[in-house]
1. Determine the gain in length on full extension of the stretch residue 83-residue 114; use 0.36 nm per residue of separation and subtract their C-alpha separation, reporting nm with one decimal.
2. Using Cβ contacts closer than 10 Å as the measure, can you line up 54, 72 from fewest to most?
3. With each pseudo-label sitting 7 Å past Cα toward Cβ, what's the residue 7-residue 27 distance in nm, one decimal?
4. In nm, give the distance between the simple-model label positions of residue 67 and residue 47, each being 7 Å from the Cα along the Cα-to-Cβ direction.
5. Describe numerically, in nm with one decimal, the distance between label points set 7 Å from Cα along Cα→Cβ at residue 74 and at residue 34.
Ligand SMILES: [Zn+2]
């Protein structure tokens with residue numbers, strides 16, 4: 001085993017998790033602490049921020065904007081919010097302007113859902129397969 005892989009294994013063993021997972025978690029905790037110390041509340045609902053339901057988002061969506069890079073890195077465009085409030089906004093489209101943007105967000109969500117759960121058509125197919133099998137077994 002090469003040394004890089006060895007040290008990776010060692011870190012994983014001692015942390016009890018992947019190093020990437022651990023450092024990601026640490027970064028999130030740091031950002032959460034900074035946000036709370038600076039007196040930030042949820043950008044969406046105004047309640048106290050929670051580490052277990054914490055997200056960093058862009059106030060003005062950078063994607064498909066006139067200046068994506070500028071908006072993406074603009075510190076003043078960053079807001080802290082509950083993950084749940086952020087998600088609710090993204091599916092409901094509270095601040096989204098056009099039906100076109102809403103459709104795009106919905107599409108993105110459906111795609112993400114399919115990546116995690118498989119295509120809805122597949123689960124239906126599996127269900128029918130099961131039912132078909134049950135009939136044959138009788
Ligand atoms: Zn909230």
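1. Full extension from residue 83 to residue 114 adds 9.2 nm.
2. Working: 54 19, 72 14.
Lowest count first: 72, 54.
3. Each label point is offset 7 Å from its Cα along the Cβ direction, giving 2.0 nm.
4. Here the modelled spin labels are 3.6 nm apart.
5. 1.9 nm
Quick note: the coordinates plus some simple rules give every number you see, no bench work behind them. If you're wondering where the values come from, they're calculated on a predicted model, not measured in any experiment. Counting neighbours? That spans all protein chains shown, and the Cβs are built from the backbone with ideal geometry, glycine included.
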